[in-house]
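Report on the structure given below.
What follows draws every value from the coordinates through simple rules; no lab data is involved. Predicted model only: the values in this text are computed from it and were never measured. Please note: Cβ atoms are built from the backbone with ideal geometry, for glycine as well, and neighbour counts cover all protein chains shown.
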């Protein structure tokens, strides 16, 4: 969705995975440099980046750092902590105990880390994640806070998820502070994971360098922008900024192509494109409809999990990415087409 608002922000439109987005870098590794069996590389990435969720997110959750996080995570948290403390000092119930513990971790669901090959045979690292538990807590808290404000001021809406903070109000100021912080955290989270993955690859390819500036873009966020001559708060959820010349990432699924794109600045779309294929069915429907044999066939040639735990993420559960790209040819130009060879899921 792409929702422009004047004088207000709707927290539920942003959602709870604040700052969720993509990051990709091209490396100096070539397809012919990769080993025939990529299981070892996948295993090393899984060991280097916490992923998934166990223990109901408790003390023994494998999706958080169980020992001291890497230095780069601690350094980034040091730069983020004051902003977090400022939000939580005003809203203690928005606090989350795993701010540092989740920084540089993947999460679950459709979040992933991939090694991909482009049309020239260059290896890319691409990953998808957001602001993890702390962003979820901020989002959930302020969505409920906005609903409370509507009840408090007897404002009746056709749907309670349209609850908003009016510009200039205390709730608005606090939400903007919180959502801006969570978006910074999400960017940092992806950067830490990328550092971890590149460090893994350098053990096998010590001369590895990145050969293109990293693309790091949100697809669940709000920003202040000007459209049709008016200043608005533009909320993109499942959507990517596609201003003229701006690079973005549009992923497919575990067995489909992904794309590095350049925005065309189409004003009718508020300079926006889709963030990916999007689901064709619910997770439960995918589990009901597809078998392990279906999933194995659909992910042939990709080193990834091939077990019951990822049936809901099987490629057939998503829309045809080629049809999605064709439908938005007036919004973006394709710069690179990527095909994954390794996929790590939470």
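Taking Cα atoms only, the orientation of helix 71-90 departs from the longest principal axis of the chain by about 20 degrees.
For each of 149, 32, 114, count neighbouring Cβ atoms within 10 Å of the residue's Cβ, then give the residues from fewest to most.
Working: 149 18, 32 6, 114 25.
Fewest-to-most Cβ neighbours within 10 Å comes out as 32, 149, 114.
Taking a ≥ b ≥ c as the square roots of the eigenvalues of the alpha-carbon gyration tensor, the range 210-346 is classed prolate because a/c is 1.5 or more and a/b outweighs b/c. Note on residue 68 and residue 323: the extension gain reaches 87.4 nm, defined as 0.36 nm multiplied by sequence separation minus the Cα-Cα distance. Helix 132-152 axis versus longest C-alpha principal axis of the chain: approximately 20°, rounded to the nearest ten. Between the helical axis of 39-48 and the longest alpha-carbon principal axis of the chain there is an angle of about 30 degrees. Cβ-to-Cβ counts within 10 Å put 138, 112, 290 in ascending order as 290, 112, 138, the fewest first. Its DSSP H runs of at least 4 residues, each contributing -39,500 (n - 2.57), put the calculated 222 nm mean residue ellipticity of the chain at -10500 deg cm²/dmol, to the nearest 500.
What's the extension gain from residue 209 to residue 154 if we count 0.36 nm per residue and subtract their Cα-Cα distance? Spell out each step's value before the answer.
On the way: separation 55, 0.36 × 55 = 19.80 nm, distance 5.80 nm.
Length difference between fully extended and current span is 14.0 nm.
Values (i) 23.2; (ii) 31.3; (iii) 18.1 are given for comparison; mean projected area of the Cα convex hull in nm², derived from the coordinates here, is the one labelled (iii).
Sort the following peptides by mean Cβ neighbour count (other Cβ atoms within 10 Å, averaged over residues), highest first: 11-22, 169-180, 232-243. Don't jump to the answer; show the numbers that get you there.
Working: 11-22: 24.8, 169-180: 18.7, 232-243: 21.4.
Descending packing order for the listed peptides: 11-22, 232-243, 169-180.
In terms of other Cβ atoms within 10 Å, 299, 140, 314 run from fewest to most in the order 140, 299, 314.
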